[in-house]
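These notes concern the structure reproduced below.
The values are calculated or read from the model by the stated rules, or taken from the named source; none is laboratory data. Source: prediction; values computed, not measured. Cβ placement follows ideal geometry from the backbone for every residue including glycine, while neighbour counts extend to all protein chains displayed.
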Amino acid sequence: MVTLRASVLGLLPLLGSVLGYANPKACSGTCTNSHDPAIIRRSDGTYFRFSTNGKIAVHTAPDITGPWTYKGAVLPSGSSIDLPGNQDLWAPDVTLVGNTYYLYYSVSQFGSQDSAIGVATSTTLDVGSWTDHGSTGIRSSSAKPYNAIDGNLINVDGTYYLTWGSFWKDIYQAQMKASPLTLASGVSSYQVAYDPVTTAVEGAFVFKYGSYYYLFYSKGQCCGYDAGLPAAGGEYKIMVCRSSSATGGYVDKNGVACTNGGGTVVLESHGNIYGPGGQGVYQDPTYGPIIYYHYVDKTIGYADGDKRFGWNTINFSSGWPVV
Ligand SMILES: *[C@@H]1O[C@H](CO)[C@@H](O)[C@H](O)[C@H]1NC(C)=O
């Protein structure tokens with residue numbers, strides 16, 4: 001039995017590659033400069049892509065397939081948050097709230113827990129139109145269980161929640177004010193996902209589809225592959241948990257609590273695609289629900305600067321997202 005089980009387990013990665021994942025769909029124009037992308041389509045049909053570095057780099061395109069053109073920075077002078085890293089902004093997330101776009105960003109330094117989530121607003125998304133509001137009040141230090149990075153806003157029947165983190169005890173969430181510039185008064189944050197084995201769990205994105213909230217996140221080593229690859233499977237991959245509530249009770253496909261190491265793989269390395277992560281999910285008016293992410297193409301290069309923008313449609317027909 002032991003031998004049989006071992007040999008069946010040994011086949012699982014093979015089974016995964018036979019079942020396969022879809023390759024990223026078309027991208028033209030500037031498809032690099034897309035670390036931790038955030039996508040939104042404006043009512044005139046223009047797609048905006050925001051990404052880490054360049055004080056939140058902005059690219060636009062007439063379609064999600066491109067051609068993508070660089071437009072400039074969201075905050076050309078950096079963030080007003082008084083922390084090291086306020087000139088090197090990470091992990092944008094953008095949501096339309098009423099008539100105003102809210103863009104969350106992280107101020108942090110790699111490997112440091114002295115971090116904060118900031119927010120900027122615009123009514124048009126265009127470069128030059130953004131106002132920085134500084135910290136959301138979500139700030140971390142070694143005294144906190146989490147790292148205040150990778151914010152993501154969700155509207156739950158008119159109440160806004162920010163989900164963030166992490167490394168360091170992983171993914172947390174808290175209620176925001178009705179105009180979600182800051183935390184709601186008197187609320188506490190709570191953990192929604194935690195992997196006690198792999199501490200590198202981050203980049204959460206909550207997406208409602210049908211009667212479930214899906215908590216997507218990235219797990220593993222994100223960056224620096226050109227300096228040495230992690231052991232196979234240790235690189236970035238995209239995971240998911242789901243719950244009928246946005247604010248907790250997330251489980252994976254096997255029913256394992258996602259606060260206790262649960263999590264189902266949505267997309268991982270396959271073929272020439274390596275380390276997909278930093279994802280977001282978007283209900284696209286043309287393509288339906290899509291997932292977007294960054295990855296490296298092994299045939300191009302493993303450097304962070306080679307990271308490319310990828311996207312795929314998502315099939316939710318089984319109740320779990322399939323790419
Ligand atoms: C979604 O997946 C199901 C199988 O789970 C398949 O029957 C269906 O055709 C797929 N839909 C699309 C649009 O690909």
For the range 69-98, name all the residues that are in a strand (DSSP E or B) and closer than 28 Å to Val156 by Cα.
-> Leu89, Trp90, Ala91, Pro92, Asp93, Val94, Thr95, Leu96, Val97
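Working only within the range 223-241, note down all residues that are in contact with a strand residue (DSSP E or B) (Cβ under 6 Å, 6 or more places away or on another chain) and under 24 Å from Pro92 (Cβ atoms). Before the answer, list the steps.
Initial filter on the range 223-241 (in contact with a strand residue (DSSP E or B) (Cβ under 6 Å, 6 or more places away or on another chain)): 230, 234-241.
Residues satisfying the conditions are Glu235, Tyr236, Lys237, Ile238, Met239, Val240, Cys241.
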Please find, within the range 292-323, the residue that is nearest to Tyr282 (Cα to Cα) out of those that are away from the ligand (no atom under 16 Å from the Cβ) and β-branched (Val, Ile, Thr).
-> Val296
Determine if the range 272-282 includes at least one residue that is more than 19 Å from Tyr161 (Cβ to Cβ) and within 16 Å of the ligand (Cβ to nearest atom).
-> no
Among Ser34, Ser43, the single one that is farther than 30 Å from Trp168 by Cα and at pLDDT 95 or above is Ser43
With the first residue restricted to the range 302-323 and required to be modelled with pLDDT under 95, and the second required to be within 16 Å of the ligand (Cβ to nearest atom), Cβ contacts under 9 Å at 6 or more apart or on different chains are none
Within the range 22-68, tally of residues that are assigned to a loop (DSSP other than H, G, I, E, B) and either touching a Cys at 6+ places or on another chain (Cβ under 9 Å) or within 20 Å of Asp284 (Cα to Cα) (or both) | 23
From the list Tyr217, Tyr225, Tyr236, Tyr172, which residue is among the hydroxyl-bearing types (Ser, Thr, Tyr), closer than 24 Å to Gly111 by Cβ, free of Cβ contacts under 8 Å to residues at least 40 places away in the same chain and surrounded by 15 or more Cβ atoms within 10 Å (Cβ to Cβ)?
-> Tyr172
Quick one: what pairs do we get from the range 55-76, first residue more than 16 Å from Val94 (Cα to Cα) and of a type in the set (S, T, N, Q), second part of a loop (DSSP other than H, G, I, E, B) and at pLDDT 95 or above, C-beta under 6 Å, 6+ apart or different chains?
-> Thr65/Ala26
Please work out which one of (1) without any contact (Cβ under 8 Å) to a residue 60 or more places away in the chain; (2) within 16 Å of the ligand (Cβ to nearest atom) is the condition Ala257 fails and give its number.
-> (2)
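Any idea which residue in the range 102-124 is nearest to Gly203 (Cα to Cα), counting only those that are touching a strand residue (DSSP E or B) at 6+ places or on another chain (Cβ under 6 Å), surrounded by fewer than 22 Cβ atoms within 10 Å (Cβ to Cβ) and not β-branched (Val, Ile, Thr)?
We begin by selecting, within the range 102-124, every residue touching a strand residue (DSSP E or B) at 6+ places or on another chain (Cβ under 6 Å); these are 102-108, 113, 115-123.
Applying the additional criterion that residues be surrounded by fewer than 22 Cβ atoms within 10 Å (Cβ to Cβ) yields 113, 121-123.
With the extra rule that they be not β-branched (Val, Ile, Thr), the set shrinks to 113, 122.
On the way: Gln113: 15, Ser122: 23 Å.
The residue in question is Gln113.
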